[in-house]
Each structure stands twice: as C-alpha cells, then as structure tokens.
Amino acid sequence: MTLSSKEIIALIKKKIPDAEIEINDLKGDNNHYHAIIKSKGFKGLNKIQQHQLVYKAIGDHMGTTLHALMLTTIEL
C-alpha cells in the first residue's frame, strides 16, 4: 500500500495548516515524491528543524507506506 499525493498533503496540512504544498511523483509509482512546502510556520527554524516538522506530520507512514520523500522547505 502507498500514499497518494493528496494523502500526503492532508497529513502535512494537519500539522502545518497554512502550508502551500506542491508534490511531484518522481517515478510515477506513488512511492517516491518531491514535496515543496512553503509556510510561515518555518520562521525561525533551520532547514533540519523544518524537515523534522514535516516528517513528524507524515508520522509512521515514512519508511512504510511512503518510501521516499525529498523535501524543499521555504519560509514565508
């Protein structure tokens, strides 16, 4: 079982409601994504902390129903 881009967006939006999210399926397999996430919630956080916030939103799906997620985070 895999996660769709819509499901990933919903998970991230729960944790970062103001996020503007663009997701690209890198291999067309619903298992390797690149997410570009813009949020005011990233203010004052370094890149590692921004990515940790996103991974926390994804939760246990990372490494199970979601194999790979490349992140680009941008502070608004």
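Any idea which residue in segment 20-45 is surrounded by the most Cβ atoms within 10 Å (Cβ to Cβ), counting only those that are of a type in the set (D, E, K, R), closer than 20 Å to Lys6 by Cβ and without any contact (Cβ under 8 Å) to a residue 40 or more places away in the chain? Before you say what the answer is, go through the steps one by one.
Kept after step one, since they are of a type in the set (D, E, K, R), are these residues of segment 20-45: 20, 22, 25, 27, 29, 38, 40, 43.
Still in the list and also closer than 20 Å to Lys6 by Cβ: 20, 22, 25, 27, 29, 38.
Of the ones still in play, those that are also without any contact (Cβ under 8 Å) to a residue 40 or more places away in the chain are 22, 25, 27, 29, 38.
Working: Glu22: 12, Asp25: 13, Lys27: 10, Asp29: 11, Lys38: 17.
Among those that are of a type in the set (D, E, K, R), closer than 20 Å to Lys6 by Cβ and without any contact (Cβ under 8 Å) to a residue 40 or more places away in the chain, it is Lys38.
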*asked:* Here are the criteria: (1) of a type in the set (Val, Ile, Thr); (2) modelled with pLDDT of 95 or more; (3) open to solvent by less than 60 Å² (accessible area, probe 1.4 Å). Tell me which single one Thr2 does not satisfy.
replied: (2)
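Would you mind finding the one in Ile48, Ile8, Ile58, Ile12 that is of a type outside the set (D, E, K, R), open to solvent by 60 Å² or more (accessible area, probe 1.4 Å), assigned to a helix (DSSP H, G or I) and modelled with pLDDT of 95 or more?
Exactly one of Ile48, Ile8, Ile58, Ile12 is of a type outside the set (D, E, K, R), open to solvent by 60 Å² or more (accessible area, probe 1.4 Å), assigned to a helix (DSSP H, G or I) and modelled with pLDDT of 95 or more, namely Ile48.
Would you be able to tell me the number of residues in segment 1-12 that are of a type in the set (D, E, K, R) and touching a residue at least 24 places away in the same chain (Cβ under 8 Å)?
From segment 1-12, those of a type in the set (D, E, K, R) are 6-7; that's our starting set.
Now restrict to residues that are touching a residue at least 24 places away in the same chain (Cβ under 8 Å): none.
Total meeting the criteria: 0.
For segment 46-60, what are the residues that are within 23 Å of Leu3 (Cα to Cα) and in contact (Cβ under 8 Å) with a residue 24 or more places away in the chain?
Taking segment 46-60 as the starting set, the residues that turn out to be within 23 Å of Leu3 (Cα to Cα) are 50-60.
Gln50, Leu53, Val54, Lys56, Ala57, Ile58, Gly59 - these are the residues of segment 46-60 that are within 23 Å of Leu3 (Cα to Cα) and in contact (Cβ under 8 Å) with a residue 24 or more places away in the chain.
For segment 61-76: of the residues being touching a residue at least 24 places away in the same chain (Cβ under 8 Å) and either assigned to a loop (DSSP other than H, G, I, E, B) or in contact with a Pro (Cβ under 9 Å, 6 or more places away or on another chain) (or both), which is surrounded by the most Cβ atoms within 10 Å (Cβ to Cβ)?
The initial filter retains those residues of segment 61-76 that are touching a residue at least 24 places away in the same chain (Cβ under 8 Å), namely 61, 65-76.
Next cut, either assigned to a loop (DSSP other than H, G, I, E, B) or in contact with a Pro (Cβ under 9 Å, 6 or more places away or on another chain) (or both) only: 65, 67, 76.
Values: Thr65: 14, His67: 16, Leu76: 11.
Filtering segment 61-76 for residues that are touching a residue at least 24 places away in the same chain (Cβ under 8 Å) and either assigned to a loop (DSSP other than H, G, I, E, B) or in contact with a Pro (Cβ under 9 Å, 6 or more places away or on another chain) (or both), the one surrounded by the most Cβ atoms within 10 Å (Cβ to Cβ) comes out as His67.
The values are calculated or read from the model by the stated rules, or taken from the named source; none is laboratory data. Predicted, not measured: the structure shown is a model, and the values here were computed from it. Note that each Cβ is placed from the backbone with ideal geometry, even for glycine, and that neighbours are counted across all protein chains shown. When the accessible area is computed, the model is the full protein with side chains, heavy atoms only, and any ligands, DNA or RNA have been set aside. Shrake-Rupley method; radii C 1.70, N 1.55, O 1.52, S 1.80 Å.
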